[in-house]
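The values are calculated or read from the model by the stated rules, or taken from the named source; none is laboratory data. Keep in mind it's a predicted model, so treat the numbers as computed, not measured. Cβ placement follows ideal geometry from the backbone for every residue including glycine, while neighbour counts extend to all protein chains displayed.
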Protein chains: 2
Amino acid sequence: MTTIYPPRTRIKDALAAEREVSELCVKGWVRTVRRSKEVAFLALNDGSCFASIQIVLEPTMAGFEEAARLGTGACVAVAGTLVPSPASGQRWEVKAARVEILGDADEEYPLQKKRHSLEYLRTIAHLRPRSNTFGAVFRVRSALSFAIHNFFRERGFLYVHTPIITANDCEGAGEMFRVTTLDPLKPPVKEAKVDWAEDFFGEKAGLTVSGQLQGELFATAFADIYTFGPTFRAENSHTSRHASEFWMIEPEMAFCDLAGDCALAEDFLRYLVTFALNECGEDLAFFDERVEKGLLAKLEALATARFERISYSEAVERLQSSGQSFEFPVEWGCDLQSEHERYLTEKVVGGPVFVTDYPAAIKAFYMRLNDDGKTVAAMDLLVPRVGEIIGGSQREDRHDVLLQRMAACKIVPESLPWYLDIRRWGSCPHAGFGLGFERLIMYLTGMENIRDVIPFPRTPGNAKF
Amino acid sequence: MTTIYPPRTRIKDALAAEREVSELCVKGWVRTVRRSKEVAFLALNDGSCFASIQIVLEPTMAGFEEAARLGTGACVAVAGTLVPSPASGQRWEVKAARVEILGDADEEYPLQKKRHSLEYLRTIAHLRPRSNTFGAVFRVRSALSFAIHNFFRERGFLYVHTPIITANDCEGAGEMFRVTTLDPLKPPVKEAKVDWAEDFFGEKAGLTVSGQLQGELFATAFADIYTFGPTFRAENSHTSRHASEFWMIEPEMAFCDLAGDCALAEDFLRYLVTFALNECGEDLAFFDERVEKGLLAKLEALATARFERISYSEAVERLQSSGQSFEFPVEWGCDLQSEHERYLTEKVVGGPVFVTDYPAAIKAFYMRLNDDGKTVAAMDLLVPRVGEIIGGSQREDRHDVLLQRMAACKIVPESLPWYLDIRRWGSCPHAGFGLGFERLIMYLTGMENIRDVIPFPRTPGNAKF
């Protein structure tokens, strides 16, 4: 190949050319073939951008007949000339001089031109990235991954890889998968229980539900850190918003209180939305047109919105006095349901809002107890159309109070000696939050099912590919 | 806090100041306390850089006695003035006006000033990031993570999160951990075997050993992609170079052959070494002085080295004719051992070298069969002092040849229908490689045990923290 073609030009770069190019080579997968007697057109896509480039084949070209018979999905290399396109909606097209068929595709190719349901496309997750929708989803996902790293690097945060396999099971964030190498039919048994001391790690181990606790350890050495890695829930949920494996971003900041935590979360979300608007415009325009009408307006509004702050207690009062009837009644002490969260952000505030200082009884043991003795320094960031998108808290940094909170939550101190140690020596106020990466991508694209923003989603009954 | 102090200045920024600062606030952990009658000095570190900043406490300061009695490991906030330091080796120090003790530390604090063995520090992995060595290791790890993303983004690669939980077990790269929610004592049994259909995912599932196969799927949609995520081996290895959980980087390029694969690997490694030299100078200087004498010279040599290429067959000849006696004899068809790899890169070539075109029988089923019918288009990149640091190959893109190779490796086609599908429709030449992230960090820091470059390492018998 390398001898007969000039180096490959990405289709994104070809489409962005400023002038004609007398000889270039593009390679990609055929999206459509149109043919008349005079000429044939291939729409060629290489995933570098949303648009395909039009390849014009003339009958005088050697191999015209073969190339004009290509099937949707075929992979070709095209050498030719980049010339202005007479067709509307595209500035450039390639007048082909040579076409090399790298891999043809027959009519059994599952991604024929007609529109397919998202459900069907999930069954061919190995091919769906070649479709418009999933090409756009995974380009946005990749771009935003970079944006996350860039945001934190610019602010001096250290990136830490917290462990995936863990022997902690006291976090209470959800059911855990077990990780084992024991003989499944004949595990070692001691006193009528499986003897986990015989397992690979010498104790019972599972897949992490959060990197936060280990992130806190690093925050007491590097001050500002973040995690970005996979987390797991072994819950038998069949909703459009839950997956068994998903990625989370969890910053943790020493010398930070709840107000600082909210400030960082606001900066972070605003940065990510702005980044997407600036860097993923072509893909977002597609989602705006085909997936969620008004998506761009929603994102532009968020990028410039004022983020309000109200306490949980005030939120409960506002919901109670709203006159709105909810499926779940609201009273102080209850957890806010999705309907309440959306009403708060969409109707009460009309924009993004932090709800802070939740009742201690409905929150995790590690959140810092407020002076009132009944609420904790927690926050949830609610945004229109979604509800909660970020959740965080200031952490309990007082050794004695943490011990009391653990006791109240029935967590024995012996299970987390290292977590207690950092309150014992050199403790400091610290805070952090978590953002589910898939929830962010759903928000940015308008895609409504988490299975459609993960390359190969894992859900109950599904670990395919 | 926020009312009585100016905003926190990172110690890195304070030490890089261009002029005196009349009022600033630094916060961090006390590394050492020195006291005379006249004055006390704290060395304060916040993890933002290797160096600590000297805090000067004078007896006239309110709370002097208390501050001068602080223990190593205590956490403090200091407000004061940044002034030139009369001491050698440091340009600036902070003359304290106020010290707030956020969290003291007593003499039981395990990181007292004396030097500790790396083995001991592993037992306090929650505190070792506060030591010089591990502060430096994890700053380098974070910086290089960013470098990896930046390298690929600059080149238009898409980042893909390949799945952690997988039902594939035919990759042959190593033993897999099982992921399950079945009752460990009473699993469902069918025909004397565990009935995996009853397990969470409806089939037997485990932790991935590589993202390559799924990465290949994405490469046939986006052309250039990479993965960067955790991978796992359930091997009972107790060496200094093996961990049960580690991070891998795996790029995959459509329209790429073995020569292109080597070219990218060379660019990649050169970029990462250059990035470390430019961005982590203070930390690398420490490693050069305390961990691996000559580290900086080694890295600088690699950054400008010519990367040689020799075939496996030539490598075998060169080893056989070397006159060197090896523990493992060398003959065509054998796998190269670490002693052979190091001899090749250190003695035969005297620099980095790609060894290419290995015998098919010792390589994985997915590597492209060469025209000789007995070797495959594989490459290993060998570097002095380490041996293999990158391994890759062009992939078998011919459907019929792949089927033959799978049969030879006793892999049934039904186990990988999706992998075969991308050779069936729109197949194209493609290639990729893998770099073990920890191996890179060991190479860049001189640290000799993989347990010392992972925040919380997982090895047989150890899933602590």
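Yes or no, residue by residue, for (1) among the β-branched types (V, I, T); (2) touching a Leu at 6+ places or on another chain (Cβ under 8 Å); (3) surrounded by fewer than 17 Cβ atoms within 10 Å (Cβ to Cβ):
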position	(1), (2), (3)
A:A305	no, no, no
A:S311	no, no, yes
A:E314	no, no, yes
A:L319	no, yes, no
A:Q324	no, no, yes
A:F328	no, no, yes
A:E331	no, no, yes
A:C334	no, no, yes
A:L344	no, yes, no
> Mind checking which pairs have a first residue in the range B:145-169 that is at positive phi and a second that is assigned to a helix (DSSP H, G or I) and surrounded by fewer than 21 Cβ atoms within 10 Å (Cβ to Cβ), Cβ under 9 Å, 6 or more apart or different chains?
Replying inline: B:G156/A:K12; B:G156/A:D13
>> Going by what's in this entry, would B:L44 be described as touching a residue at least 24 places away in the same chain (Cβ under 8 Å) and closer than 15 Å to A:T220 by Cα?
In response: yes
> Counting only residues that are within 7 Å of chain B (Cβ to nearest Cβ), part of a helix (DSSP H, G or I) and not hydrophobic (A, V, I, L, M, F, W, C), which one in the range A:117-145 is surrounded by the most Cβ atoms within 10 Å (Cβ to Cβ)?
Replying inline: A:R130
> Can you tell me which residues in the range B:197-213 are closer than 8 Å to A:A463 by Cβ and buried (at least 21 other Cβ atoms within 10 Å of the Cβ)?
Replying inline: B:F201, B:A205
>> One residue is enough: does the range B:21-35 have a residue meeting the conditions outside any strand (DSSP E or B) and out of contact with any Pro (no Cβ under 8 Å at 6 or more places or on another chain)?
In response: no
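With the condition being under 19 Å from B:Y358 (Cβ atoms) and away from chain A (no Cβ under 13 Å), I'd like the helices (runs of 4 or more DSSP H) fully within the range B:386-463 carrying at least 2 qualifying residues.
Helices (runs of 4 or more DSSP H) meeting the threshold: B:399-408.
State which residue is farthest from the other protein chains (Cβ to nearest Cβ) when the search covers only the range A:28-57 and only residues that are in contact with a Leu (Cβ under 9 Å, 6 or more places away or on another chain) and over 19 Å from A:N132 (Cβ atoms).
A:V39
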>> Can you tell me which condition A:H149 does not meet? The list is (1) modelled with pLDDT under 95; (2) touching a His at 6+ places or on another chain (Cβ under 7 Å), and all the others hold.
In response: (1)
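Yes or no, residue by residue, for (1) in the same structural domain as B:L284 (by TED's automatic domain parsing); (2) surrounded by fewer than 16 Cβ atoms within 10 Å (Cβ to Cβ); (3) in contact with a Ser or Thr (Cβ under 6 Å, 6 or more places away or on another chain); (4) aliphatic (A, V, I, L, M):
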| position | (1), (2), (3), (4) |
| --- | --- |
| B:Y5 | no, no, no, no |
| B:L15 | no, no, no, yes |
| B:L24 | no, no, yes, yes |
| B:S36 | no, yes, no, no |
| B:A43 | no, no, yes, yes |
| B:D46 | no, no, no, no |
| B:G73 | no, no, no, no |
| B:V78 | no, no, no, yes |
| B:R91 | no, yes, no, no |
>> Just the residues that are of a type in the set (G, A, S) and within 10 Å of another protein chain (Cβ to nearest Cβ), please, taken from the range B:199-232.
In response: B:G202, B:A205, B:G206, B:G211, B:G215, B:A219, B:A221, B:A223, B:G229
> Restricting attention to the range A:233-245, does a residue exist that is touching a helix residue (DSSP H, G or I) at 6+ places or on another chain (Cβ under 6 Å) and either free of Cβ contacts under 8 Å to residues at least 12 places away in the same chain or not basic (K, R) (or both)?
Replying inline: yes
>> If B:K186 meets every condition in (1) in contact with a strand residue (DSSP E or B) (Cβ under 9 Å, 6 or more places away or on another chain); (2) more than 10 Å from every other protein chain (Cβ to nearest Cβ); (3) among the basic types (K, R) apart from one, which number is that one?
In response: (1)
> B:E58 passes all but one of (1) surrounded by 19 or more Cβ atoms within 10 Å (Cβ to Cβ); (2) at pLDDT 95 or above; which number fails?
Replying inline: (1)
> Do the conditions hold for A:T60, that is, is it part of a loop (DSSP other than H, G, I, E, B) and within 14 Å of chain B (Cβ to nearest Cβ)?
Replying inline: no
> Being away from chain A (no Cβ under 14 Å), under 14 Å from B:L42 (Cα atoms) and under 34 Å from the mean Cα position of the chain (by Cα), is that true of even one residue in the range B:95-112?
Replying inline: no
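If a residue must be without any contact (Cβ under 8 Å) to a residue 40 or more places away in the chain and surrounded by 15 or more Cβ atoms within 10 Å (Cβ to Cβ), how many such residues does the range B:102-116 contain?
Adding up the residues that qualify gives 6.
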>> Of all residues being crowded, with 21+ Cβ neighbours inside 10 Å and not hydrophobic (A, V, I, L, M, F, W, C) in the range A:231-274, which is farthest from B:I454 (Cα to Cα)? Just the residue, please.
In response: A:D261
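Sort out which residues of the range B:170-204 are charged (D, E, K, R), touching a helix residue (DSSP H, G or I) at 6+ places or on another chain (Cβ under 9 Å) and closer than 19 Å to A:L207 by Cα, and write them in order of number. Please lay out each step first, then the result.
At the first step, the residues of the range B:170-204 found to be charged (D, E, K, R) are B:171, B:175, B:178, B:183, B:186, B:190-191, B:193, B:195, B:198-199, B:203-204.
Subsequent filtering for residues that are touching a helix residue (DSSP H, G or I) at 6+ places or on another chain (Cβ under 9 Å) retains B:171, B:190, B:203-204.
Residues satisfying the conditions are B:E203, B:K204.
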> Among (1) more than 7 Å from chain A (Cβ to nearest Cβ); (2) more than 21 Å from A:G174 (Cα to Cα); (3) out of contact with any Leu (no Cβ under 9 Å at 6 or more places or on another chain), where does B:W196 come up short?
Replying inline: (3)
> In the range A:74-100, which residues are in contact with a helix residue (DSSP H, G or I) (Cβ under 7 Å, 6 or more places away or on another chain) and closer than 23 Å to B:H399 by Cα?
Replying inline: A:V99
> From the list A:E154, A:E175, A:E191, A:E235, which residue is more than 7 Å from every other protein chain (Cβ to nearest Cβ) and over 26 Å from the mean Cα position of the chain (by Cα)?
Replying inline: A:E191
>> Cβ contacts < 9 Å: first residue free of Cβ contacts under 8 Å to residues at least 40 places away in the same chain and surrounded by 23 or more Cβ atoms within 10 Å (Cβ to Cβ), restricted to the range B:369-391; second residue outside any strand (DSSP E or B) and acidic (D, E), any location; separation 6+ or different chain. Result?
In response: B:V376/B:E396
>> Looking only at the range A:362-375, count every residue that is farther than 11 Å from A:G392 by Cα, touching a helix residue (DSSP H, G or I) at 6+ places or on another chain (Cβ under 9 Å) and aliphatic (A, V, I, L, M) and tell me the total.
In response: 1
> Since B:S427 meets every condition but one in (1) among the hydroxyl-bearing types (S, T, Y); (2) touching a Lys or Arg at 6+ places or on another chain (Cβ under 8 Å); (3) over 30 Å from A:E107 (Cβ atoms), which condition does it not meet?
Replying inline: (3)
